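Participant: The structure is given below, and queries will be raised subsequently.
Nothing in this text is a laboratory measurement; each read-out follows from the coordinates by a stated rule. Just so you know, these numbers come straight off a predicted model, no measurement behind them. Cβ coordinates were reconstructed from backbone atoms using ideal geometry, including for glycine residues, and neighbour counts include every protein chain displayed.
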Amino acid sequence: RWRVNASDARLLSIDTVSGDGFGPMPWEVSALTVAVGKRVIVAGAGRASRVRALVDRVDRAARVADLYAIGRTPEWYLVFLATPKEFSTWYDGWPAWGGGFAAPVTTGRTDVVINIDKVSGEDLDFVLRHELTHASTLQGSDFYDKDSSSWLIEGIAEQAGYHGIPVPPAYLWTD
């Protein structure tokens with residue numbers, strides 16, 4: 001609902017997405033704090049105080065994700081920091097135990113949601129690189145129905161997640 005007059009238009013309320021199997025979007029149900037980096041837009045509601053503090057880390061993860069982009073790199077990466085409750089609600093949600101997910105929104109955009117209470121430190125950097133790489137390699141594709149290629153989709157994201165981290169010896173093949 002909008003109030004429109006001669007000098008401006010003001011959004012008074014917004015209904016949530018219903019019936020399309022994909023919603024609600026974070027901005028439909030939460031008041032968000034937003035910070036803009038060089039290539040990223042980071043937003044959060046329940047953990048709004050962490051939004052500005054994490055912009056530089058998300059920008060670093062975006063630089064790695066750009067290395068794996070298929071076609072052009074995304075103009076912006078949109079990342080939402082969620083509490084476990086928000087994480088299990090936004091974009092139809094994922095189980096609250098998860099660390100992050102990529103949500104294909106349009107044919108050209110995949111948003112990222114990070115369960116900010118579940119990941120921290122180097123794990124947070126790994127999850128950011130992993131999920132942003134989904135955004136750069138899939139760019140809105142609905143990859144959930146492509147069972148035969150899930151190994152490649154997740155493999156690329158895992159490779160990006162480990163960017164710069166030495167592989168533990170237990171994962172290396174030896175004769």
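Participant: Starting from the Cα-Cα distance between PHE22 and ASN5, subtract it from 0.36 nm times their residue separation and give me the gain in nm to one decimal.
Facilitator: 2.8 nm
Participant: Hey, another quick one. Using the Karplus curve 6.51 cos²θ - 1.76 cosθ + 1.60 with θ = phi - 60°, what ³J(HN,Hα) values do you get for each residue of segment 23-40, in whole Hz, with x for Gly and Pro?
Facilitator: x, x, 6, x, 6, 7, 10, 9, 7, 9, 9, 10, 9, 10, x, 6, 10, 10
Participant: Starting from the Cα of VAL105, step 7 Å along the direction of its Cβ; do the same at VAL36; then give the gap between the two resulting points in nm.
Facilitator: Between VAL105 and VAL36, the simple spin-label model gives 1.5 nm.
Participant: Filter the trypsin sites (Lys or Arg not before Pro) in segment 59-101 to those in DSSP coil with at most 16 other Cβ atoms within 10 Å of their Cβ, and list the result.
Facilitator: Filter output for segment 59-101: ARG72.
Participant: Related question: Amide H to amide H under 5 Å from MET25: which residues, 5+ apart in sequence or cross-chain, H placed 1.01 Å off N in plane?
Facilitator: Under 5 Å from the amide H of MET25 lie the amide H atoms of VAL17, TYR91, each far enough along the sequence or on another chain.
Participant: Looking at segment 1-105, which GluC sites (Glu not before Pro) are DSSP coil and have at most 10 other C-beta atoms within 10 Å of their C-beta?
Facilitator: GLU75
Participant: On to the next question. Considering amide H positions built from the backbone, and no H for Pro or chain starts, which residues 5 or more places from TYR77, or on another chain, come under 5 Å of its amide H?
Facilitator: Here the answer is VAL40, ILE41, since their amide H atoms fall under 5 Å of that of TYR77.
Participant: Still on this structure: What's the long-distance tail for segment 1-136, i.e. % of Cα pairs beyond 25 Å?
Facilitator: For segment 1-136, the fraction of Cα-Cα distances above 25 Å is 27 percent.
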